[in-house]
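Derivation of every value follows stated rules applied to the coordinates shown; laboratory data play no part. In this text the structure is predicted, and so the values were computed from the model without any measurement. Don't worry about glycine lacking a Cβ; one is built from the backbone with ideal geometry, like all the others, and counts go over all protein chains shown.
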Amino acid sequence: MAGASPSPNPPTSQPASQNPVAPAPTATAQAIPRATQAAPIATDYEQPAPPVGELELPDRAAVAGYLGTWCYASACADIIPPNKADLPLIDVSGGADLTFTLAETHPFAYWTVDYALEQGDGSASRLDEGGSYVDPDMAPATSPPELSTFTFESPPAGDWVLEVRLQFAGGLGDARYYWRAVVE
């Protein structure tokens, strides 16, 4: 090419006073493997807890109980209820009928109701019980009737911890529910 000036040869080494420049990062694309099933989420590993237990008061108000220790559907939890003052409160007159129900009318086979001055103080008295108790270590000859609710009379006048214990139908386990019952 006429009139073109030759280009200088690039240096083969950099001078010592000049810092080397890192090469610019290059973007690469990679195929992301597709999962054949959804990735597990945290709730996939959580065990189901028993359903919520409620007491229906004479005025038809429902008060959810505090769920204590339970074993349900192959999972268990040891839960110490809070002090009586921190339990869900029911305020009723002596001799009032209270009705226990489970969320979604979940079936159970046996129930007890105890009351005490404080939870775990050894002063509990049996208020009522019903259904058919099934020894979990023995296979029953027949399945007990399945219950969905029961009614019992409130404890005598006083300030009590009320405890409902259930044995679930089908060998699913058991649970305890607590309330503070102020009975006039």
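Miscellaneous remarks
- Test result for S123, among the small types (G, A, S) and in contact with a Leu (Cβ under 6 Å, 6 or more places away or on another chain): yes
- Only a single item in (1) in contact with a Phe, Trp or Tyr (Cβ under 7 Å, 6 or more places away or on another chain); (2) surrounded by fewer than 20 Cβ atoms within 10 Å (Cβ to Cβ) is not met by D135, and it is number (1).
- Top-ranked residue of region 71-85 - restricted to ones that are in contact (Cβ under 8 Å) with a residue 40 or more places away in the chain and either crowded, with 16+ Cβ neighbours inside 10 Å or acidic (D, E) (or both), ranked as nearest to R180 (Cα to Cα): K84
- The set of residues in region 44-54 being surrounded by 13 or more Cβ atoms within 10 Å (Cβ to Cβ) and in a loop (DSSP other than H, G, I, E, B) consists of A49, P50, P51, V52.
- Near pairs, Cβ below 8 angstrom, 6+ apart or cross-chain, from region 55-70 (touching a residue at least 60 places away in the same chain (Cβ under 8 Å) and assigned to a strand (DSSP E or B)) to any residue that is of a type in the set (D, E, K, R) and loosely packed, with under 14 Cβ neighbours inside 10 Å: T69/D78
- Of all residues in region 92-120 being more than 26 Å from the chain's Cα centre (by Cα) and not in a strand (DSSP E or B), the one that is surrounded by the most Cβ atoms within 10 Å (Cβ to Cβ): A96
- Of the strands (runs of 3 or more DSSP E) lying entirely inside region 134-184, those containing at least 1 residues that are in contact (Cβ under 8 Å) with a residue 12 or more places away in the chain and either closer than 18 Å to S74 by Cβ or among the basic types (K, R) (or both) are 158-168, 173-183.
- The number of residues in region 71-91 that are in a strand (DSSP E or B) and over 19 Å from the mean Cα position of the chain (by Cα) comes to 3.
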